[in-house]
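A.B. asks: Quick one: structure below, then a few questions.
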Amino acid sequence: MDLRLPLAFIASRRPIRGKKAFQKLAYFSRTLQMPINCSFSMYLYGPYSNEVAVEHSDMIASGLLLERDDNVLEKGASLEEYLKDHSREINDYSAQLEKLDKCFGSMPPWKLELYATTHFLATSAKRIGKEFEEEDAVREVRKAKGGKFRSEEIGKAFRDLVAWELF
């Protein structure tokens, strides 16, 4: 699947609020089992991918997205045509695309950072066989982010991710 597809799908429904939101929506696309070819590592604002950063620029250059002065990304002139050309993939991954939009599409960038960081740290721990519960999420996110997020916000992010079956 083209990395552009989930981001184009979201942009067709609502503006994407900047580069951080763009990165986190791509991260959650991969989390939702969409076969996009990119890797993520922990960075200043949570999971980050160089491939996604390049795609951000390419989507603007190709007219799929239009970047406003406030860095918000909107539908570009060629977005609708792109979506038509990829209608089969949209249909094949409709459940994942709808879940991406429902769970994360309208989140502000700071909240996407929190949820993506929480998810990244939890799945990293689970990959090596460690248990990871809500109190672990609070401790590890606070360790990674300092006082940027309150314990209650981190706990809610963890509980939401569990309820959305993303672990």
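The values are calculated or read from the model by the stated rules, or taken from the named source; none is laboratory data. Treat the numbers as computed from the prediction; the structure is a model and nothing was measured. Neighbour counts are summed over all protein chains in view; Cβ atoms, including those assigned to glycine, are modelled from backbone coordinates with ideal geometry. Remember, those area values only see protein heavy atoms, side chains included, never the ligands or the DNA or RNA. Shrake-Rupley method; radii C 1.70, N 1.55, O 1.52, S 1.80 Å.
A.B. asks: If the requirement is being at pLDDT 95 or above and farther than 20 Å from Met34 by Cβ, which of these qualifies: Glu131, Glu140, Glu98, Glu89? Can you show your working first?
C.D. replies: On the way: Glu131 fails: at pLDDT 95 or above; Glu98 fails: farther than 20 Å from Met34 by Cβ; Glu89 fails: farther than 20 Å from Met34 by Cβ.
Exactly one of Glu131, Glu140, Glu98, Glu89 is at pLDDT 95 or above and farther than 20 Å from Met34 by Cβ, namely Glu140.
A.B. asks: In addition: Please enumerate the residues belonging to segment 27-64 that are part of a strand (DSSP E or B) and either farther than 21 Å from Cys103 by Cβ or open to solvent by 20 Å² or more (accessible area, probe 1.4 Å) (or both).
C.D. replies: Ser41, Met42, Tyr43, Tyr48
A.B. asks: Also, quick follow-up: Just to be sure I understand, how many residues within segment 89-119 are of a type in the set (Phe, Trp, Tyr) and either in contact with an Asp or Glu (Cβ under 6 Å, 6 or more places away or on another chain) or surrounded by fewer than 18 Cβ atoms within 10 Å (Cβ to Cβ) (or both)? Steps first, please.
C.D. replies: Initially, segment 89-119 is screened for residues of a type in the set (Phe, Trp, Tyr), giving 93, 104, 110, 115.
Still in the list and also either in contact with an Asp or Glu (Cβ under 6 Å, 6 or more places away or on another chain) or surrounded by fewer than 18 Cβ atoms within 10 Å (Cβ to Cβ) (or both): 110.
Within segment 89-119, residues that are of a type in the set (Phe, Trp, Tyr) and either in contact with an Asp or Glu (Cβ under 6 Å, 6 or more places away or on another chain) or surrounded by fewer than 18 Cβ atoms within 10 Å (Cβ to Cβ) (or both) number 1.
A.B. asks: Would you check which residues across segment 134-146 are open to solvent by 70 Å² or more (accessible area, probe 1.4 Å) and without any contact (Cβ under 8 Å) to a residue 12 or more places away in the chain and list them? Spell out how you get there, then give the answer.
C.D. replies: Residues of segment 134-146 open to solvent by 70 Å² or more (accessible area, probe 1.4 Å): 135, 139, 142-143.
If the condition is that a residue be open to solvent by 70 Å² or more (accessible area, probe 1.4 Å) and without any contact (Cβ under 8 Å) to a residue 12 or more places away in the chain, then Glu135, Arg139, Lys143 are the ones that fit.
A.B. asks: Can we say Ala77 is part of a helix (DSSP H, G or I) and of a type in the set (A, V, I, L, M)?
C.D. replies: Details: part of a helix (DSSP H, G or I): no; of a type in the set (A, V, I, L, M): yes.
Against the criterion (part of a helix (DSSP H, G or I) and of a type in the set (A, V, I, L, M)), Ala77 does not qualify.
A.B. asks: Within segment 120-130, does at least one residue satisfy the condition of being under 12 Å from Lys24 (Cα atoms) and either touching a helix residue (DSSP H, G or I) at 6+ places or on another chain (Cβ under 9 Å) or open to solvent by less than 20 Å² (accessible area, probe 1.4 Å) (or both)? I'd like the intermediate steps shown before the answer.
C.D. replies: Kept after step one, since they are under 12 Å from Lys24 (Cα atoms), are these residues of segment 120-130: 120.
Next, only the ones that are either touching a helix residue (DSSP H, G or I) at 6+ places or on another chain (Cβ under 9 Å) or open to solvent by less than 20 Å² (accessible area, probe 1.4 Å) (or both) stay: 120.
Yes, segment 120-130 contains a residue that is under 12 Å from Lys24 (Cα atoms) and either touching a helix residue (DSSP H, G or I) at 6+ places or on another chain (Cβ under 9 Å) or open to solvent by less than 20 Å² (accessible area, probe 1.4 Å) (or both).
A.B. asks: Could you pull out the residue among Leu66, Leu44 that is more than 20 Å from Ser124 (Cβ to Cβ) and of a type in the set (A, V, I, L, M, F, W, C)?
C.D. replies: Numbers: Leu44 fails: more than 20 Å from Ser124 (Cβ to Cβ).
Going through Leu66, Leu44 in turn, the sole match is Leu66.
A.B. asks: Next question. Just one of Ala77, Ala144, Ala116, Ala157 is small (Gly, Ala, Ser), in contact with a strand residue (DSSP E or B) (Cβ under 6 Å, 6 or more places away or on another chain) and closer than 22 Å to Lys19 by Cα; which is it?
C.D. replies: Working: Ala77 fails: in contact with a strand residue (DSSP E or B) (Cβ under 6 Å, 6 or more places away or on another chain); Ala144 fails: in contact with a strand residue (DSSP E or B) (Cβ under 6 Å, 6 or more places away or on another chain); Ala157 fails: in contact with a strand residue (DSSP E or B) (Cβ under 6 Å, 6 or more places away or on another chain).
Of Ala77, Ala144, Ala116, Ala157, the one residue that is small (Gly, Ala, Ser), in contact with a strand residue (DSSP E or B) (Cβ under 6 Å, 6 or more places away or on another chain) and closer than 22 Å to Lys19 by Cα is Ala116.
A.B. asks: Check off (1) closer than 21 Å to Ala157 by Cβ; (2) touching a strand residue (DSSP E or B) at 6+ places or on another chain (Cβ under 7 Å); (3) open to solvent by less than 50 Å² (accessible area, probe 1.4 Å) for Pro6 and give me the number that stays unchecked.
C.D. replies: Here Pro6 clears every test but (2).
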